[in-house]
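K.L.:
Please read through the structure below; I'll follow up with questions.
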Amino acid sequence: MADCLVIGGNGFIGSHVVDSLVDRGHSVTVFDRHRPGPPRFTDPSVRVVHGDFLNAADVRNAVRDQEVVLHLLSTTDPATAEGDPTIDIRTNITSSVQLFQVCAEAGVARVYYASSGGAIYGDQDQQVFRETDVTLPVSPYAIGKQAIESYLRYFSRTSALESTTFRISNPYGPRQNPLKRQGVIPIFLRRVADGQPLTVFGDGSMIRDYLYVADLAEMIAEVVTAGARESLYNVGSGVGTSISELVRTIEEVTGRDVQVENRPRPATFVDHVVLSVERFEKEFATRATTSLPDGIRRTWEEITSNG
């Protein structure tokens, strides 16, 4: 078992990954900004280092004596990155490169990075994407993810730092903030709970690959535990669902009639993306097993229980 540092370990994805790593016997340290209230992860034995990802001294302090670093933090989301494309360059890209340099200097064995499988492949004729397919990102958020992936290859060439990138589809589930502009499922469920209409961009035909967050966390923890043979894995459900199908499933799960307001699709929205997880499934035993209705039901229960 390894000493693991999870950058962004109190976030939506990170907190679930922390739980999965602890369950598998790893020693876990969380690096994140201070949040009021109790942590999102569940094990009280997890060591917490508070700090600012944009501060090199804080990052260096957190990385010290760690074998494995999981970089699961993003300073932007697709909407904020598009609002000011330079933010991703000045924060995510610059600070990620700084993190990798610190890891290389500190003797970290491997970095795992959470990239975007839902946006990095861009709009192409095919619907299912493999790791070997061309990437054509069209949004600042996805362009930034691709740049960070490239810097990991640079450090693998110029130092002893190994790395593995996860291109993650569209994760959803408990602990996701429904008031942000990322994560259509919790956003929709919050609006249903509040009796508000759902905003659908386009005609509802856009297709996405939705992955329940607990399944995602188990898949990442499996790779960390077993060791990775590849430097890149798609991580998704392998199943495509249109927005219209998603709305119908939400109606079935919640038992409520849903009103939809259609708006023009933004230019940087990808029309369809489903991830092939064949490479992952050939190497690892863990699978995405939560059906979309079950995952939506669990997310709905959390949202309604919080009022």
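Since every read-out is calculated from the coordinates, none of them should be taken as a lab result. This is a predicted model, so every value here is computed, not measured. Positions of Cβ are backbone-derived with ideal geometry, glycine not excepted, and every protein chain shown enters the neighbour counts.
K.L.:
Using Cα pairs under 8 angstrom and six or more residues apart, how large is the relative contact order of the range 194-260, in percent? Mind showing how you got there, number by number?
P.N.:
Values: 45 pairs, mean separation 36.0, N = 67.
About 54 percent, as a whole number.
K.L.:
Kindly rank 86-95, 106-115 from highest to lowest mean number of other beta carbons found within 10 Å of each residue. Don't skip to the end; give the middle numbers.
P.N.:
Working: 86-95: 17.6, 106-115: 21.2.
With the highest mean Cβ count within 10 Å placed first, the list reads 106-115, 86-95.
K.L.:
Indicate the gyration tensor shape class of the range 203-289 (rounded, prolate or oblate), computed on the Cα atoms with a ≥ b ≥ c the square roots of the eigenvalues: a/c under 1.5 is rounded; otherwise a/b larger than b/c is prolate and the rest oblate.
P.N.:
prolate
K.L.:
Using just the helices of the chain, give the 222 nm mean residue ellipticity in deg cm²/dmol: DSSP H runs with n ≥ 4 each add -39,500 (n - 2.57), and the total is spread over all residues, rounded to 500.
P.N.:
One gets -11500 deg cm²/dmol as the mean residue ellipticity at 222 nm.
K.L.:
Cα axis of helix 94-106 to longest principal axis of the chain: angle in degrees, 0 to 90, nearest 10?
P.N.:
40 degrees
K.L.:
To the nearest 20 debye, what is the magnitude of the charge dipole of the range 1-96 about its Cα centre, counting +1 on the Cβ of each Lys and Arg and -1 on the Cβ of each Asp and Glu?
P.N.:
Taking the Cα centre of the range 1-96 as origin, the dipole is about 200 debye.
K.L.:
What does the charge dipole of the range 195-263 about its Cα centre add up to, to the nearest 20 debye, if the Cβ of each Lys and Arg holds +1 and the Cβ of each Asp and Glu holds -1?
P.N.:
Result for the range 195-263 is approximately 140 debye, rounded to the nearest 20.
K.L.:
Still on this structure, I have one more. Rank Pro293, Asn61, Val273 by how far each Cα sits towards the positive end of the charge dipole of the chain (+1 on Lys, Arg Cβ; -1 on Asp, Glu Cβ) and give me just the farthest.
P.N.:
So the residue furthest toward the plus end is Asn61.
K.L.:
Can you tell me the orientation of helix 243-254 relative to the chain, as the angle in degrees between its alpha-carbon axis and the longest Cα principal axis, to the nearest 10?
P.N.:
Once rounded, the angle reads 80 degrees.
K.L.:
Modelled label-to-label distance, Phe269 and Val138, 7 Å Cα→beta-carbon offset: nm?
P.N.:
Placing both labels 7 Å along Cα→Cβ, they lie 1.2 nm apart.
K.L.:
Which value in nm describes the separation of the simple spin-label points at His50 and Ala226, placed 7 Å from the Cα toward the beta carbon?
P.N.:
Reported label-point gap for His50 and Ala226 is 3.9 nm.
K.L.:
Using alpha carbons only, how many degrees (0 to 90, rounded to 10) separate the axis of helix 213-226 from the longest principal axis of the chain?
P.N.:
Orientation of helix 213-226: about 30 degrees from the principal axis.
K.L.:
Shifting gears a bit: Using only alpha carbon pairs under 8 Å that are at least six residues apart, calculate the relative contact order of the chain and give it in whole percent.
P.N.:
18 percent
K.L.:
Just check the chain against the gyration tensor rule for me: Cα atoms, a ≥ b ≥ c as the square roots of the eigenvalues, rounded for a/c under 1.5, and otherwise prolate or oblate depending on whether a/b exceeds b/c. Mind showing how you got there, number by number?
P.N.:
Working: a/c = 1.62, a/b = 1.41, b/c = 1.15.
Prolate.
K.L.:
Using the Cα centre as the reference, give the magnitude of the dipole from point charges on the C-beta atoms of the chain (Lys, Arg: +1; Asp, Glu: -1; all else neutral), rounded to the nearest 20 debye. Could you put the intermediate results ahead of the total?
P.N.:
Working: 30 positive and 39 negative charges, 93 e Å.
Charge dipole of the chain: 440 debye, to the nearest 20.
K.L.:
Fewest to most neighbouring Cβ within 10 Å: what's the order for Arg190, Arg229?
P.N.:
Numbers: Arg190 19, Arg229 12.
Result, fewest neighbours first: Arg229, Arg190.
K.L.:
Give me log10 I(q)/I(0) at q = 0.11 Å⁻¹ for the range 1-76, Debye formula, one equal scatterer per alpha-carbon, no solvent.
P.N.:
At q = 0.11 Å⁻¹ the computed log10 ratios are -0.23.
K.L.:
Report for the chain the percent antiparallel among DSSP-assigned beta bridges with both residues inside it, nearest 5.
P.N.:
So the antiparallel bridges amount to about 5 percent of the total.
K.L.:
Same structure, new question: Under a Cβ-Cβ cut-off of 15 Å, what is the net charge of the residues other than Val128 that fall near it, where Lys and Arg count +1 and Asp and Glu count -1? Mind showing how you got there, number by number?
P.N.:
Values: positive: Arg130, Arg167, Arg208, Arg279; negative: Asp123, Asp125, Glu131, Asp133, Asp209, Asp271, Glu278, Glu281.
Computed value for this residue: -4.
K.L.:
Along the positive direction of the dipole of the range 1-147 (beta-carbon charges: Lys, Arg +1; Asp, Glu -1; about the Cα centre), which of Tyr112, Ala81, Ile143 reaches farthest?
P.N.:
It is Tyr112, whose Cα lies furthest towards the positive end.
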